[in-house]
Amino acid sequence: MKWSLYALMIGFVIDLLVGDPHCIPHPVVLIGKLISATEKLVRRIFPKTVRGENVAGGALWVIVTVVSTAVPLGILWVCHLVSPWLRLAAESLMCWQILATKSLRDESMKVYDALETGDIEKSRYAVSMIVGRDTAELSDPAVTRAAVETVAENTSDGIVAPMLFLALGGAPLGFFYKAVNTMDSMLGYVEPPYKNVGLVPAKMDDVMNFLPARISAFIMLAAGGLMGMNLKNGWKIFRRDRFNHASPNSAQTESVCAGLMGLRLAGDAWYHGVLHKKKYIGDPLREIQHQDIPRSCRLLYVTAGLTLLLCAGVKALILL
């Protein structure tokens, strides 16, 4: 357990310093290719009925999670046979690739930089790289709001939740979580052709994120308090709006962020040409500004730091 703790801490620091270099093949990209290949396989095997596609989605989920967990587990086992230090190095690199703190900050700041130039087309393109909604018609405030929402939501499933899984079971469990989350991102849509095949991956993502999303919200509240944000309003909006989303988890940190920053987030959005009616999250105590993107990034960083301290503290107590 202590080696996994050291690996988590080293991987966290590397992530903050380096982020995700595009010149290095990323394991999550390989997981994505595994998902695509497995989807084609199960669609050929199972009947093209609602039940058949639901079962296909379940089979896909099992195959992808088993492979995504077993491969890093096998690599670390072989490394440990050679040397514990080699295992530490390998697991540290894995933890770095599982976390996404700097990359989330960098990608959202690209939206901020584009907005500051006044080029709305460039801003729409930048935000399209980090959101799933249609962006071609978004206004300047809508682009800004989409970026803030993405930072708020992904603070949980991009940083805090992976860190919690890494703390519990090291890199293999971390990759298990990334596989679950990636399947939801690729298949968890309510429109065809993913509606039935994506049912199990979407529901399992909800299950796996149920506790992490709520832990993330409380850690973000603590981070906002340390930063001098409106903690009272953060708590109020969290309690009121934390379920204002189709997912039981996505609005947990979004509601905290909206309350801490005095913003109204969410609302209706277009996905693949279809309008999705969504509830608002938060109150419009003020108009959203470009500067709210770097503010949300600072909140992200403090939340990530507190999560690392929490994980390290709990694991240290267990090791005593």
For residue 265, residues with placed amide H under 5 Å, excluding near neighbours: 281, 282
How much accessible surface does residue 210 have with a 1.4 Å probe, in Å² rounded to 10? 100
On the accessible surface of region 260-320, probed at 1.4 Å with all protein chains in place, carbon and sulfur together account for a percent value of 63
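Net charge around residue 270, counting only other residues with Cβ within less than 10 Å of its Cβ (Lys, Arg = +1; Asp, Glu = -1)? Don't skip to the answer; put the middle values down first.
Working: positive: 133; negative: 134, 137, 268.
Once positives and negatives cancel, what remains is -2.
So what is the accessible area of the chain per residue, in Å², with the probe set to 1.4 Å?
Working: 15120 Å² over 320 residues.
It amounts to 47 Å² per residue over the chain.
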Using θ = phi - 60° and the Karplus curve 6.51 cos²θ - 1.76 cosθ + 1.60, what whole-Hz ³J(HN,Hα) does each residue of region 83-90 get, with Gly and Pro shown as x? 5, x, 5, 5, 4, 4, 4, 5
Given the protein chains as shown and a 1.4 Å probe, how many square angstrom of residue 40 are accessible, to the nearest 10? 130
With all protein chains in place and a 1.4 Å probe, residue 109 shows an accessible area in Å² (nearest 10) of 30
With +1 on each Lys and Arg Cβ and -1 on each Asp and Glu Cβ, how big is the dipole of region 107-262 about its Cα centre, in debye rounded to the nearest 20? 640
List 26, 80, ordered by accessible area with a 1.4 Å probe, largest first: 80, 26
Long-range amide H partners of residue 271 with built H, under 5 Å: 134, 276
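Step through the table entries 33/315; 40/102; 110/277; 48/178; 40/203; 40/278, compare each Cα-Cα distance with 26 Å, and write down the pairs that go over it.
Values: 33/315 34 Å; 40/102 33 Å; 110/277 28 Å; 48/178 28 Å; 40/203 20 Å; 40/278 32 Å.
With Cα atoms farther than 26 Å apart: 33/315; 40/102; 110/277; 48/178; 40/278.
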Radius of gyration and Dmax over the Cα atoms of the chain, both given in Å: 19.7, 59
I need the shape label for region 281-320. Rule: rounded when a/c is under 1.5, else prolate if a/b > b/c, else oblate, with a, b, c from the alpha carbon gyration tensor. prolate
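Longest exposed-loop-site-free stretch of the chain, with GluC sites (Glu not before Pro), DSSP loop and at most 15 other Cβ within 10 Å? Before the final figure, lay out each step's value.
Numbers: sites that count: 137, 287.
Value returned for the longest uninterrupted segment is 138-286.
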Lys and Arg at +1, Asp and Glu at -1: add these up for the other residues within a Cβ distance under 15 Å of residue 40 and post the number. +2
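How long are the semi-axes of the ellipsoid equivalent to region 99-194, from square roots of 5 times the Cα gyration tensor eigenvalues, in whole Å, largest first? Kindly include the intermediate steps, with their values, before the conclusion.
On the way: eigenvalues 158, 59, 15 Å².
Largest first, region 99-194 gives 28, 17, 9 Å.
Pop out the carbon and sulfur fraction of the accessible area of region 1-108 as a percent, whole number, probe 1.4 Å. Before the final figure, lay out each step's value.
Values: 4300 of 5810 Å².
Carbon plus sulfur share of accessible area: 74 percent.
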Can you run phi through the Karplus equation (6.51, -1.76, 1.60; θ = phi - 60°) for region 290-307 and list ³J(HN,Hα) in whole Hz, with x for Gly and Pro? 4, 5, 5, 5, x, 5, 5, 5, 5, 4, 4, 5, 5, 4, 4, x, 5, 5
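The values are calculated or read from the model by the stated rules, or taken from the named source; none is laboratory data. Since we're looking at a predicted model, the values are computed, not measured. All Cβ positions, glycine included, derive from the backbone under ideal geometry; neighbour counts span all protein chains shown. Heads up: the accessible areas ignore ligands, DNA and RNA and are worked out on the full protein's heavy atoms, side chains in. Shrake-Rupley method; radii C 1.70, N 1.55, O 1.52, S 1.80 Å.
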